[in-house]
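Quick notes on the structure that follows.
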Amino acid sequence: MAGNEADDAAKIAILKDALYDEVRDHGSESRLFSQKDLMELGIIPAGNLLLLVRVVQALTDDKLFVGVNSGAGIAWRWRSREDAKKYTSLPNDETMMVYAVVDEAGADGIWNRTIKHKLNMHEAVVKNCIKYLETKGFIASMKNVEHPNKKMYIKANLRPSERATGGPWFTDGELDSAFIAELEDIVFEYIKTHSAYLGNQGLPRDAAGLRAPKKGIIKTEGGEPSRGVKRPATEITNDDQQVAASGPSSKTYHADGTAVTTAPGGRPRGKVYLPMPAGYRHYPTVLDIAQMINDAGITNNTTLGPHEIQQLVDVLTYDGLIEPIKVNGRRGYRVTRPTKQDTVAFSERQKQREQTGGVLIDAPRMGVKPPANGLTEAPCGKCPVFELCEEGGPVSPSNCIYFMRWLDIEDSAVARPNGVMVV
């Protein structure tokens, strides 16, 4: 009898190692193997179900297999031998259970109170187990940007997930606003210079062959264009003379503080960004921007993929600085209002920021100021109590404090008993 038991133990040990190696060759640690999957591996002879149960139980006792309740029933996933040795080295079941819960949490980590509620243990027992595991270097504390005030734990050999750390936009658990702002500037400048061109430099090479709309074509009396006949130079209106007659030129200022002379109609004179002609197919995509940033080494040791670049592009799109355009199945982006954009080189603007302490007076950080109209300028366009405004109500146009501030008549205005303002 003793000899048979020894033979059975040796047989189980051989089948256990063979089944473990076969499972590792057929899937990652996250793959679940059902009873049928284990039987189809061909390790258990003659499809002996009882023998399979004994082998799986032996692997589970050695912490090499982890039982999981799946939708189709119980299943197993394998665990590395290194992790299994950690489990078998733990002093008691409580510590082993705490370590198992932290292990199951993965790269997202787990809150210490969640461990307590899951295991229904006393708080002192959980604290002692966590202290022991930290001392042995099995687990480590971590910060989670979603729960900055909670004490989180993770396996010491795991790297926290982007969900926990916030990805490249967070540094030591804090949102890196300066880093994001610099990248937004770079992405915007790249899209601007690759989706528009300076009028005094001509079309770029990738737009060669595209023609701008024809101008100065004479039309016949019936309104049809007279093909091939252009308007003589003597018949073309001299816009410069009209502008000179209409009034003096005015000056506007770019974000860099340099003056640009403009006509009364608002047309800038000199170099200006112009939109690409119809049919242009090389608007920058997210992949183009990601490759440019990584090739230039702008982010040092941080690698930004298309997902992170898409987040920056989405912010610029929501701010109205760029807009998507789809050409031949590829989704590119182009700058909005190109003729109003700053024509100073990005490197020059950076030098000016350094000289002024990072601030450009009376200029947006990038792009141009959004267009304004009467509705957006008047208080009613952005009134927080618009729904309550009516004569005789708690808020009315006759006693509106927002109108007083907008018209700058707070000090000189006098209110009558009926609420009518008199200046």
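The values are calculated or read from the model by the stated rules, or taken from the named source; none is laboratory data. If you're wondering where the values come from, they're calculated on a predicted model, not measured in any experiment. Positions of Cβ are generated from backbone atoms using ideal geometry, with glycine treated the same way; all protein chains shown enter the neighbour counts. For accessibility, only protein heavy atoms count, side chains too; no ligands or nucleic acids. Shrake-Rupley method; radii C 1.70, N 1.55, O 1.52, S 1.80 Å.
Quick look at the values:
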quantity: In region 152-178, the residues that are touching a helix residue (DSSP H, G or I) at 6+ places or on another chain (Cβ under 7 Å), in a helix (DSSP H, G or I) and open to solvent by less than 70 Å² (accessible area, probe 1.4 Å); calculated: Ala164, Gly167, Pro168, Trp169
quantity: Single residue of region 129-144 satisfying the filter (in contact with a Gly (Cβ under 8 Å, 6 or more places away or on another chain) and open to solvent by less than 40 Å² (accessible area, probe 1.4 Å)) that is farthest from Trp169 (Cα to Cα); calculated: Met142
quantity: Scan of region 104-143 for residues that are under 13 Å from Pro160 (Cα atoms) and either assigned to a helix (DSSP H, G or I) or touching a residue at least 24 places away in the same chain (Cβ under 8 Å) (or both), ordered by number; calculated: Ala105, Gly106, Ala107, Asp108, Gly109, Ile110, Ile139, Met142, Lys143
quantity: Pick from region 280-301, criterion assigned to a loop (DSSP other than H, G, I, E, B) and either among the aromatic types (Phe, Trp, Tyr) or open to solvent by 50 Å² or more (accessible area, probe 1.4 Å) (or both), ranking: modelled with the highest pLDDT; calculated: Tyr283
quantity: Check on Thr95, open to solvent by 20 Å² or more (accessible area, probe 1.4 Å) and β-branched (Val, Ile, Thr); calculated: no
quantity: Filter result for Ile191 (part of a helix (DSSP H, G or I) and open to solvent by 20 Å² or more (accessible area, probe 1.4 Å)); calculated: no
quantity: Given (1) hydrophobic (A, V, I, L, M, F, W, C); (2) part of a loop (DSSP other than H, G, I, E, B); (3) more than 17 Å from the chain's Cα centre (by Cα), number of the condition Leu304 does not satisfy; calculated: (3)
quantity: Cβ-Cβ under 7 Å pairs, at least 6 apart or on other chains, region 47-58 side over 17 Å from Ser34 (Cβ atoms) and open to solvent by 40 Å² or more (accessible area, probe 1.4 Å), far side in a helix (DSSP H, G or I) and of a type outside the set (Ser, Thr, Tyr); calculated: Arg54/Ile12
quantity: The listed residue being open to solvent by less than 40 Å² (accessible area, probe 1.4 Å), modelled with pLDDT of 80 or more and under 33 Å from the mean Cα position of the chain (by Cα), out of Cys383, Cys400; calculated: Cys383
quantity: Among the candidates Val101, Val23, Val68, residue that is of a type in the set (Val, Ile, Thr), within 27 Å of Glu162 (Cα to Cα), part of a helix (DSSP H, G or I) and open to solvent by less than 50 Å² (accessible area, probe 1.4 Å); calculated: Val101
quantity: Residue ID - surrounded by the most Cβ atoms within 10 Å (Cβ to Cβ), chosen from residues in region 320-362 that are in contact with a Lys or Arg (Cβ under 9 Å, 6 or more places away or on another chain) and at pLDDT below 70; calculated: Leu360
quantity: Hits in region 294-334 (condition: touching a strand residue (DSSP E or B) at 6+ places or on another chain (Cβ under 7 Å), free of Cβ contacts under 8 Å to residues at least 24 places away in the same chain and among the hydroxyl-bearing types (Ser, Thr, Tyr)); calculated: Thr317
